[in-house]
Structure formats: structure tokens, C-alpha cells
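As C-alpha cells, the structure follows; a few thoughts come after it.
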């Protein structure tokens with residue numbers, strides 16, 4: 001197999017473990033804390049998870065291992081979108097299994113949760129696992145988005161586990177995937193299946209976090225990858241001095257990625273969706289906010305700049321959310337067929353004009369035609385607008401262009417405005433993991449096995465104190481039910497892990513808020529450069545600015 005020099009070197013990197021996991025397996029004991037309760041809707045969550053609710057948080061420490069020795073046959077599943085470091089979770093899990101008993105077995109179910117239902121798997125060995133150490137991607141077994149949520153699926157899962165003698169399942173995924181893990185764990189417990197379920201927190205969006213989970217894996221690498229390119233764009237903008245770059249980054253529900261990239265690169269503009277919602281900002285107000293920066297910089301001879309736009313920001317604009325809701329209703333059922341049968345845009349526009357309220361039509365009318373048409377592209381499986389397909393970076397640059405044209409006509413603006421557009425998403429999902437993510441993910445996997453060995457079920461592998469050197473990290477676990485609340489999904493109340501949005505009173509946002517007015521007018525760009533794997537620890541093991549600010 002042909003491999004790059006970096007890939008070869010990364011195979012040989014030895015991830016750092018938390019201090020308490022560096023002892024031999026036989027010298028790791030468990031300390032249990034107080035009982036837990038869900039973040040909200042306690043009575044309802046307790047009733048839905050009677051066998052796994054209210055369990056204590058636990059931490060591992062140096063001491064005599066008191067777990068019952070037995071052969072472990074573990075299955076692992078990668079679920080959802082890729083995130084850098086996923087391979088190392090599998091490697092850490094494998095190494096802990098084999099360090100405990102060389103006869104332990106690790107099954108990898110292929111292509112996500114469907115691999116468990118379809119009984120499609122491979123069995124890991126040293127030769128295979130060593131080809132994936134410290135590398136990006138999920139290609140070690142593939143991933144998928146199948147949800148485990150029906151009685152029929154659960155029964156099949158029990159039979160597949162029984163067939164192979166599987167004692168535990170580790171699900172590596174985000175909030176939805178770990179919600180599924182909690183439901184599966186409860187089913188196994190209720191039916192005495194003898195199978196434990198452990199989750200591991202993954203998502204580059206950074207919205208699987210709380211007082212216990214300081215950071216989801218992949219966020220560090222993805223934001224460093226985006227920030228490198230944004231820094232390059234800033235340097236180019238400052239060199240050419242003639243373009244405004246509008247950069248959309250991942251973050252459908254939360255703006256953690258945008259905020260972290262802003263803290264890393266200090267652009268002129270960064271929108272934060274949660275602030276847009278809190279202030280009930282209109283599209284016009286957002287466009288004016290960006291245009292103010294363009295105008296002030298132009299007055300100082302700087303007809304260039306950089307703006308970071310979160311992927312899902314338009315959903316947080318109240319008037320736009322109302323418009324989308326009306327469009328979803330407008331095209332419900334057979335009305336979609338009537339609309340799609342129209343052959344010209346003018347006919348479709350007339351159909352839209354008749355179906356929308358006066359207020360929503362006023363919003364629709366100010367959108368560029370390309371954006372108007374994007375709102376009527378292929379629907380999602382529930383018949384709704386796919387907001388992620390809307391090119392919001394182009395929407396805002398077009399609205400700003402109109403604002404500046406009006407200001408030029410009024411004589412208040414005399415600059416030049418030329419916009420370029422970028423979207424950074426897939427570029428960060430499978431990058432070589434940073435040392436932080438390589439270490440963190442390996443620790444999560446190793447720690448997941450410790451939870452299995454001690455008999456825990458429905459727990460999330462937890463590694464904390466992450467702003468400190470790895471030797472000071474704290475390993476343990478928390479019941480997944482602690483993170484859950486009830487939310488309305490597809491017309492039903494469902495138990496789900498609560499997404500963590502950017503906290504407007506949190507230290508990362510407050511630091512950004514205190515500096516952004518200066519960044520908007522001045523050229524204060526910082527250039528983080530490429531991820532460093534070898535060299536001084538203060539460069540190679542650097543954590544995110546978000547985590548550093550949160551933990552002082």
C-alpha cells in the first residue's frame with residue numbers, strides 16, 4: 001500500500017492517556033459519585049428509562065481493579081458524519097481490550113448502525129488496526145445514519161449480539177446517535193440481554209457539550225483546519241486589498257465552529273446565530289451591520305475584508321424562519337405537485353405570491369433570485385426546506401451589495417465592493433487529527449472499555465480537565481440520561497440529548513464581543529497556520545481558544 005511520509009509517521013505516534021489510565025489495567029479502580037437526574041423533564045425521562053436512569057457519575061483512579069474478570073466480545077459502531085479522531089477511539093478500545101485479555105474480541109459493524117441490524121461486520125486484528133492509527137476519516141469500518149429506534153430493530157440487535165456472544169456495544173456518534181445508544185441500552189437492560197451500551201461524544205459542530213462533556217471530539221481538528229484556510233484568505237485579502245471574502249462554515253444548529261474560527265483568526269465580521277435569535281435581528285439589520293464595517297474600512301482605504309457566516313444562521317432570523325414555515329405549508333401534500341408542474345419561474349413566483357402572507361412575501365421579495373429558487377429545491381424526507389442548501393454566504397453578500405448601492409446613491413459611501421464566496425465543511429471532517437484529538441479520542445476508546453469491564457450500561461465515555469496536559473485529564477463516565485430532555489420531533493415528544501448552543505454570557509463569546517468592534521474596522525488578522533504534529537508542546541498540543549477561555 002502506498003502511504004505518505006506523514007501517514008507513516010502518524011502510525012508511529014503514541015497517543016497520551018490520562019494519568020489514571022496509564023497504570024496497568026489491574027491497577028485501575030472506580031469511584032462512584034452521587035445519583036444523577038436528567039437536565040430537564042425528570043419525571044418523563046425517568047419513566048422512559050426506568051432501568052438506566054439516575055445512575056451515578058463515576059471516575060477512574062489508581063487502585064486495585066475490583067471488576068469481575070471475563071472474556072469480553074465487544075462491537076463498535078461509527079454513527080453519523082465523520083469527525084477527525086474516530087479511528088483512534090476504535091484503536092484505544094482495541095488496545096484496552098487486548099491489554100486486559102488477549103482473547104478478547106472486537107467486532108466492527110460496517111457502515112453505521114445498519115451493520116448491527118444486517119449482521120455485517122469485520123473482526124479487528126493487529127495488522128488491520130495498525131493501518132488506521134492517528135489517521136482521519138471513518139473508513140476503518142464506514143459510518144451511516146440509520147437510527148436504532150424500533151422494537152423490530154432492537155429484537156434483531158439482541159439476536160445478532162447473542163449469535164456472536166457480544167457482551168457490549170460502543171456507539172461513537174453525536175447527540176442523536178448517543179440518544180439512540182441510551183434507548184438501546186434501556187432495551188437491553190429491560191430484556192435482560194446481557195449486553196452493555198457505551199457512547200462516545202463526537203461532532204465537529206461542538207454542540208454535544210455540557211458541564212460534564214467539555215468538548216466533543218473532532219471539533220479541535222476541524223476548527224484548526226478551517227482557521228488555517230481562513231487565515232490564508234485573510235493574508236490574501238490583505239495582500240490583494242480588493243476583495244471581501246464571505247466564508248460559510250459548518251454549524252447548522254449552533255455557532256461554535258464560527259466562534260472558534262473567529263477567535264483563532266480575528267476576522268472583520270463573524271455572525272453568531274444565537275445572538276441573531278436573541279436580538280431578533282432581521283435580514284436587513286444583519287446586512288446593515290456588515291455594510292457598516294465595509295463602509296468604515298473603505299473610508300480608511302481598505303476595500304477588503306473577511307466575514308464568517310455560520311451554516312444555519314438564516315434559521316435564527318425570525319422573519320426568515322416564518323417564511324420557511326409558510327413555504328413548508330405552501331408545498332404540503334398535493335400542492336407540491338401543482339407547484340412542480342409549473343414550467344417557468346414567473347409562474348412559480350405567482351403561485352408563491354398568492355400563497356404567502358404579506359409579511360413573508362416582503363421578506364421573499366428582497367432575496368436574490370438564486371436564493372429564492374434555492375428555497376424550492378428538493379425537500380428533506382419530511383417535506384421541509386433543506387436550509388443547509390441555502391448559500392447564505394451569497395445571500396448576505398448580495399444584501400450588503402444592495403445596502404452599499406443605496407449608501408453610494410446617498411453619498412455616504414464611496415468605496416468599492418467585490419465579494420468572493422467560500423464554504424468550508426467537508427474539508428475539515430476527515431483531516432489528520434490534531435495531537436489533542438488523537439490523544440482525546442484514544443483516551444475515550446480506552447476509557448470506554450474500562451466502563452465495559454466494570455459493568456456500566458447506558459453511559460457516555462467521559463474525559464475531562466481537557467485544558468490541562470493529558471497527564472492531568474480525568475477519565476470516567478456519566479449516564480447518558482443525565483443529558484436528556486423532551487423535545488418535539490416530527491409531531492411527537494421524544495427524549496433527546498439537549499444540544500449545546502453558544503452561551504452569550506459565556507467567556508468565549510464575551511471575549512469575542514469585547515474585541516469585534518475593533519476587528520470590524522481594523523485589519524487585526526491572525527494567521528494560525530497548519531496543524532502542527534511535531535515540535536514544542538505549546539504549539540503541538542494547543543487546545544481550542546474556546547476551551548482555553550472557558551477554563552481560564
Cβ density ranking, 10 Å radius, fewest first, applied to 244, 345, 519 yields 345, 519, 244
Cα-based Rg/(2.2 N^0.38 Å) for segment 170-256, rounded to two decimals, is 1.61
Per 20 angstrom bin, beginning at 0 and ending with the bin that holds the maximum distance, the Cα pairs of the chain fall in percents of 21, 50, 27, 3, 0
Highest mean packing first, using Cβ neighbours within 10 angstrom, the peptides 448-454, 370-376 sort as 448-454, 370-376
Taking the alpha-carbon centre of each part, the distance from segment 371-449 to segment 275-311 in Å is 15
Counting only DSSP beta bridges fully inside the chain, the antiparallel percentage to nearest 5 is 40
Dividing the surface of the Cα convex hull of segment 359-491 by four yields a projected area in nm² of 15.2
Note to self: Kirkwood Rh of segment 75-139, Cα pairs, one decimal, Å, is 12.2
The residues 207, 493, sorted from fewest to most surrounding Cβ atoms within 10 Å, come out as 493, 207
Heads up, segment 118-168 by the C-alpha gyration tensor (a ≥ b ≥ c square roots of eigenvalues; a/c under 1.5 rounded, else a/b over b/c prolate, else oblate) looks oblate
So the angle from the long Cα axis of helix 318-330 to the longest Cα principal axis of the chain, reported in degrees to the nearest 10, equals 80
Once both label points are put 7 Å beyond Cα along the C-beta direction, the residue 69-residue 406 separation in nm becomes 7.7
The helix 256-265 Cα axis meets the longest alpha-carbon principal axis of the chain at an angle in degrees, between 0 and 90 and rounded to 10, of 70
In whole percents, the bins of 5 Å from zero upward hold the Cα-Cα pairs of segment 233-369 as 2, 9, 15, 17, 16, 13, 12, 8, 6, 3, 0, 0
At R0 = 60 Å the Cβ-Cβ FRET efficiency linking residue 62 and residue 418, nearest 0.05, sits at 0.45
So for segment 1-146, using the alpha carbon gyration tensor with a ≥ b ≥ c as root eigenvalues (a/c under 1.5 gives rounded; past that, a/b versus b/c decides prolate or oblate), I'd call it oblate
With label points set 7 Å from each Cα along the Cα-to-Cβ direction at residue 147 and residue 238, the distance between them in nm comes to 4.7
Rounded to the nearest 10, the angle in degrees between the Cα long axis of helix 435-453 and the longest principal axis of the Cα atoms of the chain comes to 40
For the residue 23, residue 344 Cβ pair and Förster radius 56 Å, calculated FRET efficiency rounded to 0.05 is 0.20
Distance in nm between residue 370 and residue 37 label points, each 7 Å along Cα→Cβ, equals 5.3
Burial-style ranking of 458-468, 434-444, 274-284, average other-beta-carbon count within 10 Å with highest first, yields 434-444, 458-468, 274-284
Footprinting proxy, 311, 214: sorted fewest to most Cβ within 10 Å, the residues are 214, 311
For the residue 514, residue 163 Cβ pair and Förster radius 60 Å, calculated FRET efficiency rounded to 0.05 is 0.55
Computed over the chain, the relative contact order (Cα-Cα under 8 Å, seq sep at least six) in percent reads 24
Restricting to Cα pairs under 8 Å and 6 or more apart, the percent relative contact order of segment 299-436 works out to 29
In nanometres, the difference between 0.36 nm per residue of separation and the alpha-carbon distance of residue 503 and residue 252 is 88.8 nm
Reduced to Cα centres, the span from segment 497-548 to segment 140-215 in Å works out to 32
By the mean-Cβ-within-10 Å protection proxy, highest first, 359-365, 294-300 rank as 294-300, 359-365
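Bear in mind that the values in this text are calculations on the coordinates, not laboratory data. The structure displayed is predicted, hence computed values, not measured ones. Cβ coordinates were reconstructed from backbone atoms using ideal geometry, including for glycine residues, and neighbour counts include every protein chain displayed.
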